[in-house]
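Working notes, structure below.
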Amino acid sequence: MVEVTSRTGPAGAVEIAPGVHWIGALDPALRTFDIILRTANGTTYNSFLVRGESGVAVVDTVKLEFAEDFFRRLESVADYSEIRVIVLNHLEPDHSGALPELMRRAPQARLYISTRATSMLKALLKPKEADRSFEYETVGTNDEVSLGNRTLRFLHTPFLHWPDTQCTYLVEDGILFSGDIFGCHYCDNRLFNDRVGDFRFSFDYYYGHIMRPFKAHVVEALKLIEPLRLTIVAPTHGPILRDRPRRYVTHYRELSTSSLTERIGNEDRSLVVFYMSAYGSTARMADAIRAGAEETAGIRVSLYDLEGGETGPFVDLIEEADALAFGSPTINGDAVKPVWDLLSSLAVVNLKGKLGAAFGSYGWSGEAVRMIEDRMRGLKMRVPVPGLRLKLIPTDDELVECCDFGRKLAAALVGGEQGRVIDFSELG
Ligand code: FEO
């Protein structure tokens, strides 16, 4: 008879190293996380228990709905009275859900959170003023808590994926409890990366949606993590990385720093022009804008007709561009859907400081250009040149206007006109 392990995992805790146990929960049925993330394989809420000579530490908890699983696993390896330290690496509810009850059951324990987590702790858990169970201590990089023969050392790694996030390093064992970093939404009751199914897609998908907008913070975190001796990387979601954990650190380094520009070199500033055109007018505007922009030395302009492509592959291009221009006709008082599709996919890209511009031909109302500009400003792009709208078919004079629009955009890009450009979104 074949024995099939429950999809929600073993009943008790699972030892990941001597005296270190996984006490988290499996959520195999989850299909959407944080509203936007697809989770075809469900997810896990990983939490851990570390036993030291002078007490027990619990690192992270689980989503409230899974508290029962968490407490059952915890009770299989420790008494609440032994818990001296509770660490929350990240206060998002999927990790802090069981915290209030844990602190009620282990009132002698001290809670350690990052300095930035204080306001979140209060906002998320709404502790009563008089409730001593919410006493806590804030910690930063290289602060340590001793469990006698074992040491927990903290690394401040903000924005991965909330401002409060930190990692906790179990020094003597070389185990990094990494929070969301190196995590993925991949539920498999075999728990360890050398035993679960192929989760590479989930790993990269998670990075792409959770970490990618904060690449600069990933690079800073890697500076703290890369020098560490690592036997296990234990994230809060997905497989526990015990087989060659450094591969995942290296992969993060590649994902966060490698770019097309770095690989093949590009000295020019890049302007990427995306457009859709119903009758060819917006396309002619795009051509003229390109011609105008290319008059400026050191600018490389790329043109893409959104009718011909999927938006997904454009995201890398956009991330590396210095300026973006979107051209859309106005149809039924709106920009066209492929333009919105592309703009809505940019939440995973840090666009702050990139230049943006909008243009388009219209029939009678022409709202698209202003709507695109508003969206770009909402994405923290700078819109240095007022949008260009032309009624129906552009005349020769209007095409000259388009060239001039391209010139101005190029000038703003190389810095020539920055002093004279006023972006009204930045005022007030
Ligand atoms: Fe897994 Fe950002 O919470």
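Taken together, the values in this text are just the output of simple stated rules run on the coordinates, not laboratory data. Quick caveat, the model's predicted, so the values are computed rather than measured. Every residue, glycine among them, receives a Cβ derived from its backbone with ideal geometry; neighbour counts consider all protein chains shown.
Between ILE36 and ASP243, the distance separating the two model label sites (each 7 Å from Cα on the Cα→Cβ line) works out to 3.3 nm.
Where only DSSP H runs of four or more residues are counted, the chain gives -8000 deg cm²/dmol as its mean residue ellipticity at 222 nm, each run worth -39500 (n - 2.57). Compared with the direct C-alpha span, the chain from SER81 to ARG7 gains 23.6 nm at full extension, assuming 0.36 nm per residue. Computed from Cα atoms, the angle from the helix 396-414 axis to the main principal axis of the chain rounds to 40 degrees. Cross-link check: pairs LYS122/LYS352; LYS122/LYS354; LYS63/LYS215; LYS337/LYS380 evaluated at a Cα-Cα cut-off of 32 Å; pairs beyond the cut-off: LYS122/LYS354. So if I take the centroid of the Cα atoms in the range 372-413 and the same for the range 76-124, what is the distance between those two points in Å? Computed from Cα coordinates, the inter-centre distance equals 52 Å.
From the Kirkwood radius over Cα pairs of the range 3-70, Stokes-Einstein at 20 °C and 1.002 mPa s returns a whole-number translational diffusion coefficient of 162 µm²/s.
Working from the pairwise distances between different alpha carbons, so that the mean of 1/r is found and then inverted, what is the chain's Kirkwood radius in Å? Intermediate results must be reported in sequence, preceding the final value.
Numbers: mean 1/r = 0.0416 Å⁻¹.
Its Kirkwood hydrodynamic radius stands at 24.0 Å.
Rg then Dmax, both in Å and based on the Cα atoms of the range 262-427: 14.6, 46. Working from label points 7 Å from Cα in the Cα-to-Cβ sense, the LYS380 to GLU307 distance is 3.6 nm. Seen against the Cα atoms of the chain and their longest principal axis, helix 368-378 is set at about 30 degrees. Let's test the formula: R0 of 56 Å, r as the Cβ-Cβ distance of LYS122 and LYS391. What FRET efficiency results, to the nearest 0.05? In this case the efficiency is close to 0.55. The spacing between the range 305-322 and the range 172-210, judged by their C-alpha centroids, is 28 Å.
Apply the a/c threshold of 1.5 to the C-alpha gyration tensor of the range 181-237 and tell me whether it is rounded, prolate or oblate.
Note, shape of the range 181-237 comes out oblate.
Using R0 = 30 Å, the C-beta based FRET efficiency linking GLN108 and ALA29 works out to 0.25. Remark: the range 14-255 is approximated by an ellipsoid whose semi-axes, taken from the C-alpha gyration tensor as √(5λ), come to 25, 19, 19 Å, largest first. Between the beta carbons of THR231 and ASP268, assuming R0 = 35 Å, the FRET efficiency works out to 0.20 to the nearest 0.05. Other residues whose C-beta falls under 9 angstrom from the C-beta of CYS187 contribute a net charge of -1, scoring Lys and Arg +1 and Asp and Glu -1.
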